[in-house]
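Single-structure report; data block below.
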Amino acid sequence: MKILMKDYQSIRRRMISPANGMPVNWDWLERMEQIAGQELEVETKYLFRDQFNTAPVPGVSEKGFRIMLSDVEAVIDDERYGVKKCEYCGNQQKKGDVCTGCGKGSYLRPLLPEGREELFSPSVAK
């Protein structure tokens, strides 16, 4: 699974906007400039609806990044489809109606709600 980052100006515009409501982390923004427009590998051990953990980016980050969906142009080979996440223990699984982590069934929900996938996928390339 990979993500294609938006261009730097789009990321910068969002980050420095007063509507963001948060102080600007200029160090983080500088790192975003280095990876803007690039295709990045996503760590898939823990998946989220609206953010991605990337693999380390050589020369930029030894530990990778947490990238928000709003900074992503496209998701490539999206592995979030069909994944269920337990809202009780956080376990993720593809099959079954009972959580393999805690044994509870009533807390298991699709990671991407059916019929609303487009809200969590800016553009999907397969």
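Taking (1) without any contact (Cβ under 8 Å) to a residue 12 or more places away in the chain; (2) of a type outside the set (Val, Ile, Thr); (3) in the same structural domain as Ser106 (by TED's automatic domain parsing) in turn, Pro18 satisfies each apart from (3). Taking the stretch 62-80 as the range and being surrounded by fewer than 15 Cβ atoms within 10 Å (Cβ to Cβ) and touching a residue at least 12 places away in the same chain (Cβ under 8 Å) as the test, the residues that pass are Arg66, Met68, Ser70, Asp77, Glu79. State whether one or more residues within the stretch 81-93 are under 13 Å from Lys2 (Cα atoms), surrounded by 13 or more Cβ atoms within 10 Å (Cβ to Cβ) and either of a type in the set (D, E, K, R) or at pLDDT below 95 (or both). No, because not a single residue in the stretch 81-93 is under 13 Å from Lys2 (Cα atoms), surrounded by 13 or more Cβ atoms within 10 Å (Cβ to Cβ) and either of a type in the set (D, E, K, R) or at pLDDT below 95 (or both).
Might you check whether a residue that is buried (at least 17 other Cβ atoms within 10 Å of the Cβ) and touching a Gly at 6+ places or on another chain (Cβ under 7 Å) occurs anywhere in the stretch 10-29? No, that holds for no residue.
Counting only strands (runs of 3 or more DSSP E) that fall entirely inside the stretch 27-107 and contain at least 3 residues that are of a type in the set (A, V, I, L, M) and either within 13 Å of the chain's Cα centre (by Cα) or within 23 Å of Ser10 (Cα to Cα) (or both), the qualifying elements are 72-76. If you go through the stretch 11-26 and keep only what is more than 15 Å from Ile67 (Cα to Cα) and assigned to a helix (DSSP H, G or I), you end up with Arg13, Ile16, Pro18, Ala19, Asn20, Trp26.
The values are calculated or read from the model by the stated rules, or taken from the named source; none is laboratory data. What you are looking at is a predicted structure, and each value in this text was computed from that prediction instead of being measured. Note that we place each Cβ from the backbone using ideal geometry, even for glycine, and neighbour counts take in every protein chain shown.
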